[in-house]
Structures are given as C-alpha cells and as structure tokens.
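Read-outs throughout are calculated quantities, based only on the coordinates presented, and are distinct from any laboratory measurement. What you see is a predicted model, and the numbers here were worked out from it, not measured in a lab. Quick reminder, even Gly has a Cβ in these numbers, built from the backbone with ideal geometry, and neighbours come from all protein chains shown.
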Amino acid sequence: MPPLPGGDLEDAVLAAIWEAGSVSAPDVHQTVGVPRGLAYTTVAKVLDRLRAKGLLTRRRAGKSFVYTAKVRREHVERARAGDALRRLLASEPVPAIATLIDAMEEIDPELVAELSRQVAARRRSRRGS
C-alpha cells in the first residue's frame, strides 16, 4: 500500500479524483482549489505529491494532465482506519477496546454483533476450518 494522503487538502484532491474517475488538473483546481481560495499552482503541487506517493497516475491531454486514482478509496480508508487503531491500541489496548465497543454500540448496536461475527470468522480461518 502506498503512503496515505497527508492532510485535508490531499484528502480533498484525492476524493475529487475518486468522484470524477479521471480529471484534469484545471478541473481539480475548480472543484477543490477555487472554493478554498487556492492558487492553481498549489493544487498542481498537491497532485504531484499524490503522484509521487503512488496514489495517482497521470497522462497528458492537450496542455494539461489528466489524473486517475491508482488506489481505490476503500483501500485508503481501510489503511487509515488500521493506522488509527494501531495508534489507539498501542499503549493501553484493553481500555481502548472497551471504549471502541461503547462507541460502536452508540452508533449501531448491530455493529458489536458484526464485530463478534468477524472475530469468529477470523478465528475459524486461522484454524483452517
């Protein structure tokens, strides 16, 4: 997995590309940069950074580049969630797990049941059954 996007602007640019499929740099600027009052060059630098991280590909189309996401949104979201959980659970995992379960229950009580099903499935697959 390539490095995660860093910060709100990289997230917004990547989200605009996921939404569009393939999009030119000027269009990304219109979608993300203009509403934020950013210069075109700022958006272009973000596109270059995301490309350098391996998150985007680009091809020339006339005078500008058209960008396409190299990774799916689900992969980035899963990696980001895993990263956050590793940081959360690192020092004191048991209280963090209890808090996570409480939060899941508040969001949707069925999420705790789903977690239980996922844990059981993972254990079965590790046992080879």
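Listed by chain and number, the aspartates and glutamates whose C-alpha is less than 14 Å from the C-alpha of LYS53, apart from same-chain residues fewer than 8 away, are GLU10, ASP11.
Of the trypsin sites (Lys or Arg not before Pro) found in the stretch 22-112, the ones in coil according to DSSP and having at most 12 other Cβ atoms within 10 Å of their Cβ are LYS63, ARG72.
With the largest listed first and rounded to whole Å, the semi-axes of the equivalent ellipsoid of the chain from the Cα gyration tensor are 38, 17, 13.
Multiply the residue separation of ARG72 and ARG123 by 0.36 nm, subtract the distance between their alpha-carbon atoms, and state the gained length in nm to one decimal.
On the way: separation 51, 0.36 × 51 = 18.36 nm, distance 2.75 nm.
Here the segment from ARG72 to ARG123 would lengthen by 15.6 nm.
Using the beta-carbon distance between ALA81 and ALA52 and R0 = 30 Å, what value does 1/(1 + (r/R0)^6) give for FRET efficiency, to the nearest 0.05? Result of the calculation: an efficiency of 0.80.
Measuring between their Cα centroids, the stretch 91-129 and the stretch 1-50 lie 35 Å from each other. Relative to the compact-globule estimate of 2.2 N^0.38 Å, the Cα radius of gyration of the stretch 7-69 comes out at 0.96. If a spin label sat at a point 7 angstrom from the Cα of ALA90 along the line to its beta carbon, the backbone N atoms of the stretch 1-45 nearer than 18 Å would be those of 3-7. When shorter helices are ignored and each DSSP H run of at least 4 residues is given -39500 (n - 2.57), the per-residue value for the chain at 222 nm works out to -20500 deg cm²/dmol.
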